[in-house]
Amino acid sequence: MYLKFENVVKKQNYAMKELDDVKRSAERILEELSSLLADIELKEKYYVIEEKNIYRSDDKPKKKNFKEELRKNAPRMDEEGYIITEVGAWIEQ
(Lines give C-alpha, C1' and ligand atoms only; values in the text may rest on other atoms or scores of the structure.)
Protein backbone atom coordinates (compact mmCIF):
# COMPACT_ATOMS: atom_id res chain seq x y z
CA MET A 1 0.00 0.00 0.00
CA TYR A 2 1.42 3.33 -1.03
CA LEU A 3 0.49 6.62 0.56
CA LYS A 4 0.33 9.73 -1.43
CA PHE A 5 2.73 12.44 -0.39
CA GLU A 6 -0.18 14.86 -0.01
CA ASN A 7 -1.93 12.56 2.47
CA VAL A 8 1.24 12.23 4.55
CA VAL A 9 1.66 16.00 4.65
CA LYS A 10 -2.00 16.45 5.65
CA LYS A 11 -1.60 13.94 8.49
CA GLN A 12 1.56 15.69 9.65
CA ASN A 13 -0.16 19.06 9.62
CA TYR A 14 -3.09 17.65 11.57
CA ALA A 15 -0.72 16.16 14.15
CA MET A 16 1.13 19.48 14.47
CA LYS A 17 -2.17 21.31 15.03
CA GLU A 18 -3.13 18.84 17.73
CA LEU A 19 0.26 19.29 19.35
CA ASP A 20 -0.16 23.08 19.32
CA ASP A 21 -3.63 22.72 20.86
CA VAL A 22 -2.25 20.53 23.63
CA LYS A 23 0.57 23.02 24.32
CA ARG A 24 -1.86 25.95 24.47
CA SER A 25 -4.24 24.14 26.81
CA ALA A 26 -1.33 23.09 29.07
CA GLU A 27 -0.10 26.70 29.24
CA ARG A 28 -3.64 27.89 30.05
CA ILE A 29 -3.98 25.33 32.83
CA LEU A 30 -0.61 26.30 34.31
CA GLU A 31 -1.52 30.00 34.23
CA GLU A 32 -4.83 29.31 36.01
CA LEU A 33 -3.10 27.17 38.61
CA SER A 34 -0.39 29.74 39.26
CA SER A 35 -2.99 32.50 39.66
CA LEU A 36 -4.91 30.36 42.17
CA LEU A 37 -1.76 29.49 44.11
CA ALA A 38 -0.60 33.11 44.20
CA ASP A 39 -3.42 33.98 46.61
CA ILE A 40 -2.51 31.29 49.14
CA GLU A 41 -0.47 32.38 52.17
CA LEU A 42 2.06 29.72 53.12
CA LYS A 43 4.37 29.54 56.07
CA GLU A 44 7.85 28.47 55.06
CA LYS A 45 9.35 25.37 56.63
CA TYR A 46 13.03 24.74 57.03
CA TYR A 47 14.47 21.26 57.30
CA VAL A 48 17.89 20.23 58.55
CA ILE A 49 19.47 18.46 55.61
CA GLU A 50 23.06 18.16 56.71
CA GLU A 51 24.05 16.31 59.84
CA LYS A 52 24.65 18.97 62.41
CA ASN A 53 24.84 18.81 66.16
CA ILE A 54 21.36 20.06 66.96
CA TYR A 55 21.12 18.50 70.42
CA ARG A 56 23.96 20.30 72.18
CA SER A 57 24.62 24.00 72.25
CA ASP A 58 27.86 25.09 70.65
CA ASP A 59 29.57 26.00 73.90
CA LYS A 60 32.36 23.87 75.35
CA PRO A 61 31.42 20.22 75.90
CA LYS A 62 31.12 19.04 79.48
CA LYS A 63 33.84 16.72 80.71
CA LYS A 64 32.48 13.43 81.94
CA ASN A 65 34.25 10.88 84.03
CA PHE A 66 34.60 8.06 81.51
CA LYS A 67 35.21 5.30 84.06
CA GLU A 68 32.11 6.17 86.09
CA GLU A 69 29.95 6.27 82.94
CA LEU A 70 31.37 2.93 81.87
CA ARG A 71 30.66 1.37 85.26
CA LYS A 72 27.04 2.54 85.04
CA ASN A 73 26.61 0.84 81.65
CA ALA A 74 28.67 -2.30 82.27
CA PRO A 75 26.63 -5.33 83.34
CA ARG A 76 29.33 -6.77 85.63
CA MET A 77 32.75 -5.63 86.84
CA ASP A 78 35.34 -7.15 89.14
CA GLU A 79 37.15 -5.50 92.06
CA GLU A 80 39.94 -4.17 89.86
CA GLY A 81 37.56 -2.41 87.48
CA TYR A 82 37.66 -4.90 84.60
CA ILE A 83 34.44 -5.58 82.71
CA ILE A 84 33.21 -9.16 82.88
CA THR A 85 31.57 -10.17 79.63
CA GLU A 86 30.10 -13.30 78.15
CA VAL A 87 31.52 -15.17 75.22
CA GLY A 88 29.20 -15.05 72.24
CA ALA A 89 26.93 -18.10 71.91
CA TRP A 90 28.05 -18.52 68.29
CA ILE A 91 31.71 -18.96 69.27
CA GLU A 92 32.91 -22.48 69.98
CA GLN A 93 34.95 -22.84 73.17
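For beta carbons closer than 8 Å, sequence separation of 6+ or different chains, a first residue in the stretch 45-72 that is in a helix (DSSP H, G or I) and a second that is at pLDDT 75 or above, the qualifying pairs are Lys67/Gly81; Leu70/Ile83; Arg71/Met77; Arg71/Gly81.
Here Lys11 clears all of (1) in a helix (DSSP H, G or I); (2) modelled with pLDDT under 70 except the condition numbered (2).
The values are calculated or read from the model by the stated rules, or taken from the named source; none is laboratory data. Keep in mind that this is a model prediction, so the values were computed, not measured. We place every Cβ from the backbone using ideal geometry, glycine too, and count neighbours over all the protein chains shown.
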